[in-house]
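Just so it is clear, none of the values below were taken in a lab; they were calculated from the coordinates. For clarity, every value in this text was computed on a predicted model and none was experimentally measured. All Cβ positions, glycine included, derive from the backbone under ideal geometry; neighbour counts span all protein chains shown.
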């Protein structure tokens with residue numbers, strides 16, 4: 001009798017159209033087995049031909065042979081290991097949520113079932129009612145002003161091609177607005193009268209987004225704008241649409257489009273490649289967040305074509321802002337070196353706004369404001385526990401906590417406290433780094449020696465590791481590792497020079513920040529003259545950083561785990577989703593103009609230098625980083641005889657949303673590091 005695990009694989013093969021009836025690839029046994037070692041990989045289209053050469057074609061699960069998926073399935077974990085991870089995954093917080101227009105209900109997204117779904121509470125701290133279910137992640141994105149409908153987004157298997165739906169606040173079946181295969185349908189704007197909404201979708205061509213208006217009463221949609229480009233609707237003023245056109249990573253141009261005349265007029269950013277985020281303010285002015293006039297992002301009012309600052313001149317980025325639909329209040333957050341602070345302005349006078357007395361914490365963040373402007377949700381990450389959510393009534397000035405996070409059987413006060421430290425790059429530049437240390441690793445004797453260290457690089461690359469509560473970091477700490485998270489040059493949150501330091505070929509000048517982290521750890525965190533063992537870990541661009549660390553900088557790290565990482569910038573750009581190719585070219589470089597630099601910066605170019613053990617984890621449906629990136633690197637390492645493992649989740653994309661897969665991914669990651677660092 002086969003195990004449930006094996007039956008699932010058999011069903012997967014059938015669903016993928018496999019006609020194998022005999023001499024089939026072996027199914028994974030129920031007992032533990034190292035991934036990728038049972039059977040030598042057969043020659044496939046994804047096998048790398050030569051370092052840097054295109055070795056695969058395609059994107060998504062359909063680009064992978066069924067036998068490849070079966071061969072690289074995640075083996076089951078030891079029950080004790082699984083139980084520890086399950087317990088940690090039970091520590092979670094709901095999203096801040098959206099209040100009903102009358103303030104009597106709160107709707108929020110929560111992954112308590114193992115997959116993100118929508119819940120409702122009917123009073124502060126009331127028992128939550130689950131409104132959606134199943135295996136597909138579902139999120140609430142807005143509530144109609146009459147409170148009769150929730151606007152809902154649902155994705156399937158991590159494909160990042162979400163559909164848009166309506167859901168009654170009482171529950172029941174979802175009413176589809178649009179959900180098409182290989183198409184992203186995303187809410188952009190819900191009309192203040194609740195009669196219509198606007199969404200964007202790349203259903204005309206995969207590399208462009210058209211804007212549609214959907215009538216809630218008739219259930220009919222009409223195209224209102226369909227020029228080529230990566231367009232989205234930022235705001236609406238009467239019959240005028242404020243449209244954004246993305247022209248690169250963190251680069252946006254804004255236009256006004258008159259529905260009556262069909263005339264498109266530039267507002268700000270035309271013929272530029274600059275970071276702009278814009279919304280209408282009080283009186284029809286345009287509020288613009290940009291670093292255009294300085295080193296850091298600042299919020300401005302655009303009047304007569306001139307940007308006038310309305311937030312203080314700080315040595316930090318204004319990271320985000322919102323304007324309520326009634327145009328009374330502006331809320332914004334400031335990123336103070338990885339700690340988020342909340343501020344507000346009167347939208348008309350621009351004078352500081354009195355905010356609710358939220359608890360202190362590493363991060364204070366605003367959530368959604370009801371369309372009538374009365375209720376705003378807020379969230380505070382205390383740093384020592386999951387985030388706490390509140391709803392503030394601007395009319396009564398009443399702040400209420402509506403739900404609380406889950407921490408079953410765990411005392412989060414025992415979690416390692418995060419510390420902001422730094423290390424010097426080889427040119428002397430200090431690189432900020434958040435560090436968590438197990439209690440037993442704080443003061444080690446020479447006899448004990450140093451604790452092993454894991455250096456974790458974030459994705460993006462324009463993302464940023466921030467302070468705050470983290471169960472993932474704690475899982476590494478609980479396993480006995482010092483966990484360090486650098487914000488190397490190219491990260492967000494430290495000004496535009498830092499952010500753009502790695503654009504295109506410039507990445508060659510600062511890629512050494514990755515190696516310098518290991519050098520620093522070995523030299524400065526040694527105990528009794530003995531350097532610690534050092535592992536490297538990361539997802540997405542962090543996965544790329546891991547592969548670079550293990551190849552270009554071979555010997556700097558003792559072991560690596562790359563999650564959905566890029567192994568060749570060339571094959572990545574050739575195979576990623578069309579809309580992403582346009583945006584990523586500005587970040588990594590043009591495949592034609594910058595080909596030599598892209599080859600130089602690709603881990604596959606240095607695959608022959610890899611000697612230390614490496615694990616790769618990938619989602620088959622990933623629309624960003626194709627699974628071929630992991631396969632071509634894995635197959636090259638197997639030919640060399642380097643200790644390597646590959647796990648592919650057939651029902652996950654760019655990251656793992658389903659709880660069983662999260663358990664397997666983390667369990668095997670920690671297991672691999674323990675085997676090679678302890």
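Tabulated values for the structure
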item: Fraction in percent of alpha-carbon pairs per bin - 5 Å, region 154-220; result: 4, 16, 25, 26, 18, 8, 3, 0
item: Stokes-Einstein D (µm²/s) once Rh is taken as the Kirkwood radius of region 463-526 over alpha-carbon pairs, at 10 °C in 1.306 mPa s; result: 117 µm²/s
item: Taking 108, 457, 520 and counting other C-beta atoms within 10 Å, the order from fewest to most; result: 520, 108, 457
item: Cα long-axis angle, helix 513-524 against the chain (0 to 90 degrees, to the nearest 10); result: 60 degrees
item: Centroid-to-centroid separation of region 70-143 and region 218-239 [C-alpha atoms, Å]; result: 31 Å
item: Cβ-based exposure ranking for 397, 470, 568, 554, in which fewest neighbours within 10 Å come first; result: 397, 554, 470, 568
item: Degrees, to the nearest 10: 627-640 long Cα axis against longest axis of the chain; result: 20 degrees
item: Sites residue 396 and residue 271, calculated FRET efficiency, Cβ-Cβ separation with R0 51 Å, nearest 0.05; result: 0.60
item: Approximate shape of region 409-467 as ellipsoid semi-axes (Cα gyration tensor, √5λ), whole Å, largest first; result: 24, 19, 10
item: Against the rule of thumb 2.2 N^0.38 Å, how large the Cα Rg of region 456-611 comes out; result: 1.05
item: Using alpha-carbon coordinates, inclination of helix 79-89 to the longest axis of the chain, degrees; result: 20 degrees
item: Theoretical ellipticity at 222 nm over the chain - DSSP helices of four or more residues, -39500 (n - 2.57) apiece, nearest 500; result: -5500 deg cm²/dmol
item: Gain on full stretching of the segment that runs from residue 186 to residue 611 - 0.36 nm per residue minus C-alpha separation; result: 148.6 nm
item: Net length gained if the chain between residue 220 and residue 313 were fully extended (0.36 nm per residue, minus Cα distance); result: 28.8 nm
item: Where N is the number of residues in the chain, Cα Rg divided by 2.2 N^0.38 Å; result: 0.96
item: Hydrodynamic radius of region 514-560 per Kirkwood, over alpha carbon pairs, in Å; result: 10.8 Å
item: Alpha carbon centroid spacing (whole Å) that separates region 270-285 from region 455-531; result: 33 Å
item: Relative contact order for region 558-678, counting Cα pairs under 8 Å that sit 6 or more residues apart, in percent; result: 32 percent
item: Shape call, region 302-401: gyration tensor on alpha carbons, a/c limit 1.5; result: oblate
item: 17 Å tail of the calculated P(r), region 565-678, as % of Cα pairs; result: 60 percent
item: Ranked 610, 61, criterion: other C-beta atoms within 10 Å, fewest first; result: 610, 61
item: FRET efficiency, 1/(1 + (r/R0)^6) with R0 25 Å, evaluated for residue 472 and residue 439 via beta carbons; result: 0.85
